[in-house]
Amino acid sequence: VQLQASGGGLVQAGGSLRLSCAASGRAFGDYAMGWFRQAPGKERELVSSISWNSATRYYADSVKGRFTISRVNAANTVYLQMNSLKPEDTAVYYCAAGSQRWNMLLGSGSVGSWGQGTEVTVSS
């Protein structure tokens, strides 16, 4: 599957951004999707993921209550709404698709495909 992420940019602390990831190439609706991020000098981390049917959503503790993941299977798109952004949210954000049909995406080990990154910079 090919993944195309967009929506990054520069925003002040407290602001909002919405990331989008458009998928093509296979049955999008059968796979979990997720968003990872990688800050300079740090490892890539899972920020949020959503099951194939949107029934299950995972959030890292650092973003709970501020970020919301959603998907529209008919549009082959997953979103990450990011509110109350903090400077520590600054990173390159990557969308990812799960490797196994129906299974939840809970880490990089369960990623089948990566999108290119989109950069998010939060100024203080």
- Compute the label zone of residue 27 within the stretch 64-88: residues whose backbone N is under 17 Å from the point 7 Å along Cα-to-Cβ. 73-77
- Item | Integer Hz, Karplus 6.51/-1.76/1.60 couplings in order for the stretch 39-52, x for Gly and Pro | 8, x, x, 10, 6, 5, 10, 6, 8, 7, 8, 9, 6, 4
- Query: Check residue 47: other-chain or 5+ apart residues with amide H under 5 Å from its amide H, H built from backbone geometry?
  - Reply: 35, 36, 37
- Note on the structure: Within the chain, excluding any trypsin sites (Lys or Arg not before Pro) found in a DSSP loop (not H, G, I, E or B) and having at most 15 other Cβ atoms within 10 Å, the longest uninterrupted segment runs 67-100
- Read phi for every residue in the stretch 58-70 and hand back ³J(HN,Hα) as whole Hz from Karplus 6.51 cos²θ - 1.76 cosθ + 1.60, θ = phi - 60°, with x for Gly and Pro. 10, 9, 5, 4, 5, 10, 4, x, 10, 10, 9, 9, 8
- Message: Counting other C-beta atoms within 10 Å, and keeping those with at most 14, which DSSP coil chymotrypsin sites (Phe, Trp or Tyr not before Pro) do you find in the stretch 84-113?
- Response: 102
- Message: Per residue, how large is the accessible surface of the chain? Use a 1.4 angstrom probe and give square angstrom.
- Response: 48
- Task: Could you tell me which of 102, 69, 1 has its Cα farthest along the dipole of the chain towards the positive end, charges placed at Cβ (Lys, Arg +1; Asp, Glu -1), taken about the Cα centre?
- Result: 102
- the stretch 1-52 and the stretch 54-118: distance between their alpha carbon centers, rounded to Å: 5
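The values are calculated or read from the model by the stated rules, or taken from the named source; none is laboratory data. Note that the structure is predicted; figures quoted are calculated from it, not measured. Neighbour counts run over all protein chains shown; Cβ positions are idealised from the backbone, glycine included. For the accessible areas, the whole protein counts, side chains as well, though only heavy atoms, and no ligand, DNA or RNA atoms are used. Shrake-Rupley method; radii C 1.70, N 1.55, O 1.52, S 1.80 Å.
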